[in-house]
Structure formats: structure tokens, C-alpha cells
Amino acid sequence: MTDEILPPALRAEINAVLDDAGVRADRRLVLRMLQTAVLLGEDGTDRLDLKIASAALSEMRSAFRLFAPFHGVSKVTVFGSARTAQDDPLYRQARDVAAALAAEGWMVVTGAGPGIMQAAAEGAGPERSLGVSIRLPFEEKANTIVAEQEHVVAMKYFFTRKLMLMKESRGFICLPGGFGTLDEMFELLTLQQTGKAEPMPIVLLDEPGGTFWRGLERFVQEDLAPTGVISPGDFDRVRITDSVTEAAAVITGFWRNYDSLRWVGDLLVLRLRAEPTVDEIAQLNEQFGSMLSSGRIEACGPQPVELADKDLVDLPRLSLHLDQRAVGSLFRLIGAVNRFGSAPAAPSA
């Protein structure tokens with residue numbers, strides 16, 4: 001969509017509205033949203049469709065406002081059943097892993113309901129908990145832990161809720177649950193597999209000695225991978241464990257050395273916390289050369305667009321031309337980067 005879709009006179013009126021509202025930052029994007037709203041009206045869009053679009057945009061604004069004050073704080077989302085009782089070992093697992101990560105400076109995001117969601121909020125504490133609830137006729141209101149700090153936003157639609165449960169977080173922990181939990185877990189895997197989301201650590205946490213996630217692993221290995229509907233290593237991007245300590249370490253350890261990535265045209269730039277050695281880069285090329293469409297993995301400085309945006313320009317970098325079909329395997333390369341001898345001794349939240 002371009003600014004030329006609407007007639008110039010109408011576009012000028014919209015710009016005047018933006019002037020009156022004092023909208024200056026990212027004005028072009030705001031203009032595009034207003035143009036889209038006008039075009040929906042011109043299209044004679046069905047009333048129900050308009051209500052969906054209007055409610056979704058309104059809900060996203062409310063969620064953005066909730067998360068905005070905590071933009072620079074690392075967050076982990078915890079998924080799990082709303083039906084888990086407080087005396088269930090899984091409840092204790094969720095509470096304890098949230099407490100462990102909160103102690104490392106992380107905030108915990110949940111669906112704001114009972115069960116596993118309440119357990120995780122309890123573990124993190126009200127000041128380090130954020131909730132994205134769903135309005136259902138048979139569900140209770142948001143649990144008091146997130147409600148008492150007004151750290152909660154309510155959603156009508158599952159798709160907007162899932163967006164906000166995933167968008168802001170740098171790690172995910174899934175405990176056993178029903179259709180909703182499995183839906184959230186499989187969406188995480190789909191986004192990672194297809195490269196629609198940046199690589200993130202995903203932990204499937206069970207009760208001590210539990211077999212819930214091992215059953216899923218067997219299904220993946222025995223029924224999905226052999227038929228070719230997924231690649232053999234697609235499930236390797238998750239860690240199955242019954243240890244709270246290991247779960248927390250997987251989340252924080254993913255960020256030991258790896259910081260972020262940015263695409264500059266067809267060049268992928270990985271930003272690191274520590275400068276890699278020549279030998280470490282050579283090892284990466286030997287191990288992951290098959291993932292490249294051309295060239296080699298190389299140390300580099302900030303790209304011109306990164307300099308213009310002042311985008312983490314002080315961090316060391318690696319650049320590579322990644323084969324787009326290998327984007328789902330990028331987490332393996334990140335794992336190798338985190339195991340560098342040059343990597344920092346401990347992750348930072």
C-alpha cells in the first residue's frame with residue numbers, strides 16, 4: 001500500500017487530523033492505518049468484519065500500552081493448563097521456574113488465568129508478572145496477582161491474545177495442558193520452523209518423572225518425521241525436561257552470547273556480546289557451511305543501515321548469506337555461538 005491510494009484531497013484531510021492530534025513519530029505508518037480504515041468503508045465491508053477489525057486494533061493498542069513501560073526487560077511466557085490444581089506437582093514446577101527466572105531479572109507473561117498461569121504469576125510476584133487474559137463466559141476474571149498491579153489486559157480474540165503472549169518474550173516454557181496449551185506450543189514451533197519469528201528458546205517442562213512431553217516426542221519421531229511432513233531435526237529446537245533448574249538455564253543460556261539478528265537485504269547479521277576468535281569462526285564455517293547460499297560466515301562491523309538507525313552499533317557481529325530453506329535451523333548456529341570459549345561467562349537478563 002502507498003500514500004497514493006486515496007485521492008490527494010482526502011489524504012490532505014487525514015494529514016490535517018494527524019496534525020491536530022500531534023502525531024509526529026512514524027507518521028507514515030499511522031497514515032496507512034487510517035487509509036486502510038477508510039478503504040474498508042469504501043469496500044462496503046460486512047459489519048461483522050468491521051467489528052472484528054476494529055476490536056482487534058483496539059485490543060492491540062491496549063496490549064502495546066501494557067507492555068510499553070517494560071520494553072527493555074527480558075520476558076518469558078509460561079503456557080499451561082488453567083485446570084491444574086494448586087496441590088499438583090506441575091503447579092509447583094510452574095511457580096518455581098517463574099521464581100527462578102524472576103530472580104535473574106526476568107518478567108513472566110501468562111494468560112492471566114488460574115492453574116499454571118496463576119502458579120507462574122505467584123512465582124514471579126505481582127511486580128514481575130504481566131497477564132494477557134481472554135474473555136470467556138465460563139472463565140473467571142484475571143487472577144488477583146496480575147490484577148492487583150493492573151498488569152493485565154483482556155482480549156476478546158484468541159489471535160490477538162496469542163500475538164501478545166509471544167511478541168514481547170525472549171523465551172517460552174510450556175507445561176502440560178489441553179487443546180489451548182498444545183495450540184500455543186505448536187504455533188511457537190510453526191513460527192520457528194518457518195522463520196516467521198526470530199529464534200527463541202522453547203522449554204517443555206514436566207513434573208518430576210513425568211511423561212507428557214515424551215509422548216509428544218515419540219509421536220513426532222515415529223509418525224511425523226518418517227512421513228516427511230516435518231524435517232527430522234525440527235523438534236530439536238525444544239528442550240524437554242522435568243528440572244526447574246535446567247528449564248531456567250535453557251532460557252537464560254540462549255542469550256549468553258547471542259544478542260539479536262537483523263536482515264540487511266539478503267545478508268543476515270548476528271549481533272553477539274563478545275568478539276569471536278578466528279578459530280571459532282572457522283569452526284562455524286566447517287559445521288554450518290551447508291546452511292549458506294553463498295560465501296562464508298565472517299566477522300563484520302555494523303552495516304550502513306544499522307549505523308543510520310544506531311542499532312546496537314557497539315556489538316561485534318557475524319554476517320552470512322543464509323539459505324532461506326535453512327532458516328528454521330538457525331537456532332543450531334546460535335547454540336554454537338553460545339558455546340564459544342570467547343562467550344561471556346554468564347547470561348544477562
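The values are calculated or read from the model by the stated rules, or taken from the named source; none is laboratory data. It should be emphasised that the depicted structure is a prediction, and the values quoted were computed from it without experimental measurement. Ideal geometry is used to build each Cβ from the backbone, glycine not excepted, and the neighbour counts take in all protein chains shown. Just so you know, the surface numbers come from the protein's heavy atoms only, side chains and all, with ligands and any DNA or RNA stripped out. Shrake-Rupley method; radii C 1.70, N 1.55, O 1.52, S 1.80 Å.
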Relative contact order (%) - criterion: Cα under 8 Å, at least six apart; region: region 135-288: 17
- request: Indicate the gyration tensor shape class of region 1-120 (rounded, prolate or oblate), computed on the Cα atoms with a ≥ b ≥ c the square roots of the eigenvalues: a/c under 1.5 is rounded; otherwise a/b larger than b/c is prolate and the rest oblate.
  value: prolate
Surface/4 estimate of mean projected area, convex hull on alpha-carbon atoms of the chain, nm²: 21.1
query: Can you give the FRET efficiency for I281 and R61, using 1/(1 + (r/R0)^6), R0 = 25 Å, r = Cβ-Cβ distance, to the nearest 0.05?
result: 0.05
field: Assigned charges on the beta-carbon of Lys, Arg, Asp, Glu; region 236-349 dipole about Cα centre (debye)
entry: 160
query: Counting only protein chains, not ligands or nucleic acids, how are M164, M200, M33 ordered by accessible area (probe 1.4 Å), most first?
result: M33, M200, M164
- request: Report, in deg cm²/dmol and to the nearest 500, the calculated mean residue ellipticity at 222 nm for the chain, where each DSSP H run with n ≥ 4 adds -39500 (n - 2.57) and the sum is divided by the residue count.
  value: -13000 deg cm²/dmol
- request: Can you tell me the dipole magnitude for region 123-265 around its Cα centre, using point charges on the Cβ only (Lys, Arg +1; Asp, Glu -1), in Debye to the nearest 20?
  value: 460
field: K167 paired with T190, simple spin-label distance in nm, labels 7 Å along Cα-to-beta-carbon
entry: 1.8
message: Sort 85-98, 298-311, 332-345 by packing, meaning the average of other beta carbons within 10 Å per residue, with the highest value first.
response: 85-98, 332-345, 298-311
Potential lengthening between L136 and A37 on full extension [0.36 nm per residue; Cα-Cα distance subtracted]: 32.9 nm
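Among the complete DSSP H segments of the chain, which ones combine at least 24 Å of alpha-carbon extent along their axis with a mean Kyte-Doolittle hydropathy of -0.5 or more?
On the way: long enough: 47-67 (30 Å, 0.36).
Length and hydropathy pass: 47-67.
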field: Charge-dipole axis of the chain as Lys and Arg at +1 and Asp and Glu at -1 on Cβ define it, positive-most pick from N15, A336, L136
entry: N15
- line: With Cα springs under 10 Å, the Gaussian network model of the chain assigns the largest mean-square fluctuation among V17, V78, V109 to V17
query: Too long at a 29 Å Cα-Cα cut-off: which of K51/K75; K51/K310; K51/K167; K162/K310?
result: K51/K75; K51/K310; K162/K310
- prompt: For region 1-94, which GluC sites (Glu not before Pro) are both in a DSSP coil and crowded by at most 11 other Cβ atoms within 10 Å?
  reply: E4
